[in-house]
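Taking it in order: structure first as structure tokens, then the write-up.
Since every read-out is calculated from the coordinates, none of them should be taken as a lab result. As the structure is a computational prediction, the values presented were derived from the model and not from experiment. Methodologically, a virtual Cβ is constructed for each residue, glycine included, from the backbone with ideal geometry; neighbour enumeration extends over all protein chains shown.
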Amino acid sequence: MKKFLVTIVLLFSLFRSYADEGMWLPLLLGEQVYAEMQKKGLKLTKEQLYSINKASLKDAIIIFGNGCTGEIVSSQGLIFTNHHCGYNSIASASSVEHNYLRDGFYAKNQKEEIPTALTVQFLSRIDDVTKEVLDSLGTLLGKARADKQSAVLASINARLSNKDEAIECRISPLFKGNQFLAFIYQRYSDIRLVGTPPESIGKFGGDTDNWEWPRHTGDFSVFRVYMNKEGKAAAYNETNVPLKPKYFLPVSLRGLKDGDFAMTWGYPGSTNRYETSLGVQLSTDINNPTLVKLRDVRLKYMLAEMQKDAGTKLKLAGDYASIANYWKFYDGETKQLLKYDVFGQKQKAEADFIKWAKDKPGYDAIFPEWEKVYTAWRPYAQHRMYMNEGLSGSPLIAYASSLIMLEAALVKTNATKADVTKAMNAATTARKTFLEQHNAASDQLILGSVLMMYYRDIPKEQHPIGFFEAVKGSFGDLKDELTWKKFAAAVFSNTMILNEEKWNAFVSNPDGLKLQEDPAYHIAGSFFKNWNTKFLPRFQEFTIKNNDLGRLYLKGIMEMNPAKAKKMYPDATFTMRISFGNVKSYTPRDGVKYDLVTTSRGLMEKYKPGDYEFDLPSKQIELLKKKDFGQYIDKGRNDLVIGFITTNDITGGNSGSPVINANGELIGLAFDGNYEALSHKLAFDKDLNRTICVDIRYVLWCIDKLGGAPHLIKELKLVR
């Protein structure tokens, strides 16, 4: 372990960021990075941040669910995270009679806490496996390297995991495959819903305010992690007891001022800050615009149905929120990349590399080869987006595509009865889940629109053979929207997937020809087989070559200019990271300055009774009008602070991350970025980047004053 730490600290001392850019592995902070943190105001020692032998701040930070961050805030395993991170679990616990999304919920005691399907993971340790992996890969390239790497990582993951004790290892390649670290986690699977504000608070501002500042969203929810009586991770059981954590975060009631130190701990999902100009151009020209317009269609039809009925809203709420979130993100990302000419900036940096790489074997051919790779893939890029966001955007077709495996079992000449039964049972189980979540009215309109758009946008030579000709022959002009509405209606009326009697008849007598004739499966089979056979191999080849060239390019950048390497840091890979900076106001454009906080005054100004996005509970209106802020008041502003902004560097996966002050105390929860810096996955903006956070005092006010759950406040360690 000692050798490992020395190696990594030396390595990370090279990848030092300036300004507030950078997502650092907190377990391995080099002296220079730590010195930067101290310069900005940090008062904790390195051992208080991370210690091998003692409880430290890192032990309070968890992976929440499959894509968020949470933090432990009490000695009884209480978890704070974002409302949108707990959204699906809150929706699943709700019913029309007990609508926790609409009305909110706080358990009066631990017996009332609601079991969920969630899990959380604590990071136990990191092992450096770089030498083992690279020695195994040798000089391999292309598919041979990719296949070997997958096998090697799987072997190490298996060796370092222990299924019986819920210990899991996941190796993360860093610096585009130039370094490999093994992250070992302890997973807990008994997670219970403790409390949530009404959706009107947790999603206040809806899509209108998403990715925007000023913001007044109370984006939080409360859960608890349980263990068995022996202190081990265990599945849900009534006899389980709250987890006794190694460490939990104290909570600050102090006010904030411009320039205060702030750090964000969590699990940022992915960035690609070392992307080339070629990749940026593909994103702005094809990938992002196609995704946005396809999600436009889905959101329009889903929202129309959600507004008609409370039950439908509950059913679609989670999917709608997820689709909408990144619809706006990729729209904003494209605009910011173009506005700040990130493509041109990348080209300038690449020109310097090309000049340096001349006559250097292994480096001089990188960009000529890279241009060929992108040129070969570009004609098919939009088709891929249509498969991922268009055809798969119809829940019916997405489910139908899963039946390709069933068809294979049915038509296989030497298939056993056991093979068919296994495939049929899997399909039936998946169908049950699909139907529980399905809204046919919106899906039918989505399917018709997506097929018409595919016909219009995708080159005819890439179309599935015979499909559109058959539709034209039976339903009419393929450029006419009515044709596609009639076609989609016929599919939904006649597919056995949506007809219990027909499905049961098929289950009792499975037949490959019968499946192929089903209209929904015919669409899925036609498009996905066409894609999988002709175009998926092209994408796989593109990905493999892109990865090889990216790894060599980054290795070359480090060799070219050691001084430049000091400004480098590893891309986010959904592994624990820390970013640091300050609470800070900003000027997004000429003549406009945004304050560092928002307050209840601004919340009331946005309030619109009965509005889908800007309504508030009547009790909240009463309390705010009376200025009943209790101990959560910001005395300097004589108001209740709702949100604040910092310069911290975050991305998706940081949702729910604790925002922590110089003393290691919780001051808020990160939940969003600002629109002016939505290029952050590909390029960090040192002047405009802001992390949007819900102030912890507003969280506590909602729990205590509005939610009537002071017993939860008593669990916390409050610092005044």
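Structural remarks
- Computed about the Cα centre, the dipole magnitude for segment 225-331 is approximately 300 debye when only Lys and Arg (+1) and Asp and Glu (-1) carry charge, each at its Cβ.
- Residues of segment 182-206 with amide N under 11 Å of the 7 Å Cα→Cβ point at N237: none
- For the chain, averaging the sequence separation of C-alpha pairs within contact (under 8 Å, six or more residues apart) and dividing by the residue count gives a relative contact order of 25 percent.
- Low-density loop cleavage sites - trypsin sites (Lys or Arg not before Pro) in segment 201-231, where at most 13 other Cβ are within 10 Å (DSSP): K229
- Lys, Arg +1 and Asp, Glu -1 on Cβ, resulting dipole of segment 582-719 about Cα centre, debye, nearest 20: 360
- Maximal additional length on extending the S51-S75 stretch stands at 6.7 nm, based on 0.36 nm per residue less the C-alpha distance.
- Global dimensions of segment 392-534 from alpha-carbon coordinates: Rg and Dmax equal 15.4, 46 Å.
- In a DSSP loop and with at most 11 other Cβ atoms within 10 Å, the GluC sites (Glu not before Pro) in segment 70-122 are E97.
- For the listed residue pairs K339/K681; K143/K358; K46/K686, the alpha carbons are over 20 angstrom apart in K143/K358; K46/K686.
- The alpha carbons of segment 582-719 give a radius of gyration and a Dmax of 16.1, 47 Å, in that order.
- Extreme residue, positive dipole direction of segment 583-720, given options G630, S679, I696 (C-beta unit charges): G630
- Debye, to nearest 20: dipole size of the chain, +1 on Lys, Arg Cβ, -1 on Asp, Glu Cβ: 1360
- Looking at segment 588-678, the GluC sites (Glu not before Pro) that sit in a DSSP loop and have at most 16 other Cβ atoms within 10 Å of their own Cβ are E613.
- Model label zone, E559; criterion: amide N under 15 Å from point 7 Å along Cα-to-beta-carbon; scope segment 318-359: 353-359
- Across segment 108-117, rounded Karplus estimates of 3J(HN,Hα) from the backbone phi angles (6.51 cos²θ - 1.76 cosθ + 1.60, θ = phi - 60°) give 6, 7, 5, 5, 8, 5, 9, x, 10, 8 Hz, Gly and Pro being marked x.
- Within the chain, helix-based [θ] at 222 nm, where runs of 4 or more DSSP H residues each add -39,500 (n - 2.57), nearest 500: -14000 deg cm²/dmol
- For segment 314-430: rounded, prolate or oblate by the Cα gyration tensor [a/c cutoff 1.5]: oblate
- Full extension of the chain between A304 and F468 yields a length gain of 56.2 nm, computed as 0.36 nm times the residue separation minus the alpha carbon distance.
- Absence of a disulfide-compatible partner, taken as no other cysteine beta carbon within less than 4.7 angstrom, is noted in the chain for C169, C693, C702.
- Note on T139 and R538: the model spin-label points, each 7 Å out from Cα along the C-beta direction, lie 3.3 nm apart.
- Karplus (6.51, -1.76, 1.60) ³J(HN,Hα), θ = phi - 60°, over segment 610-623, in Hz, Gly and Pro reported as x: x, 6, 5, 10, 10, 7, 9, x, 4, 5, 5, 4, 4, 5
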